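Just so it is clear, none of the values below were taken in a lab; they were calculated from the coordinates. None of these values were measured; they are calculated from a predicted model. Virtual Cβ from ideal backbone geometry, glycine too; neighbours counted across all protein chains shown.
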Amino acid sequence: VIERETEFRDCLPFEFDGHKGVLVPHFNAQLRLYEYPKRRDGKWVYSEIYSIYTASKQGGLVSFDVDGDGLADLFIGNYWMRNPGKWDLPWHLYNMNTFFDKPDAALARQAVYQRQGRAKPDLLWAESEGAPARFALLERPDDEKQAWPAHMIEPAPDHPRALLVLEPEPGEWPPILVGAEDGVRLYSAVEGVWHMSKLWSGAPVLALFRVGDHVLAVTPDRVERVALPNYRRK
């Protein structure tokens, strides 16, 4: 037993300055690192990384070196958090967007999105509890500490709970698979204009995994094998 009283949507194995454990957004607001016990029968001891006070629960937990200093930073909800590098130094929180107008608005699904020709990647951001959801490409500004301009992707899905970025063709933006309430959708951009097609329908999708020429779509009842279009299989 790691924690007897909590609520969260995401957790993430993480190592910080020699401390190894699991990051948990305790009650969707207080980010904690629960360290692996030193002994098999030992207790999980947690340390508070940051407490986020907004009008919305915070979800979507992705580790990525945002500012290029060689340290693993974190994306969570409306924010990214800068890794200080030392255990006794504070983390810093930077607001990316203002999608916190509803209690569940920032329970997001996120994915790093590298467009060709850009030195640093942007971020895909999808409102997992929205119907239709906010689905946006957050464009990285020159100063990552400022707000990230949001470019909405339409038609937006209902309850997007999984994002998977595929390899792009030369000169193209990477296509995106979205696991939504009605199945798996494929989003492709042509000259900055998004086009959506449905790959599979039949159940809500909770997670997506690429396996060769197929994608495994995890639903509440089963795992569905979904073939990629021919031009996306390589």
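Simple spin-label model, 7 Å along Cα-to-Cβ: LEU89 to PHE64 in nm?
Result: 2.3 nm between the two label points.
Sort out for me the Cα centre separation of the range 1-24 from the range 42-101, rounded to whole Å.
Spelled out, the Cα-based centre of one part sits 13 Å from the other.
Going 7 Å from the Cα of GLU167 in the Cα-to-Cβ direction, what parts of the range 177-211 have a backbone nitrogen less than 17 Å from that spot?
177, 209-211
Magnitude of the Cβ-charge dipole of the chain, K/R +1 and D/E -1, about the Cα centre, nearest 20 debye?
620 debye
How much net charge surrounds LEU71 when only the other residues with a Cβ under 12 Å from the Cβ of LEU71 are counted, with Lys and Arg +1 and Asp and Glu -1?
-4
Between VAL1 and THR54, with labels modelled 7 Å along Cα→Cβ, what's the label distance in nm to one decimal, could you check?
Output for this residue pair reads 3.3 nm.
Report, to two decimal places, the Cα Rg of the chain normalised by 2.2 N^0.38 Å (N = number of residues).
In units of the 2.2 N^0.38 Å rule of thumb, it is 1.04.
According to a simple spin-label model (label point 7 Å from Cα along Cα-to-Cβ), what is the distance in nm between LYS120 and ASN230?
In this crude spin-label approximation the distance works out to 4.2 nm.
List the lysines whose Cα sits under 20 Å from the Cα of LYS57, skipping any in the same chain fewer than 8 residues away.
Reachable lysines: LYS102.
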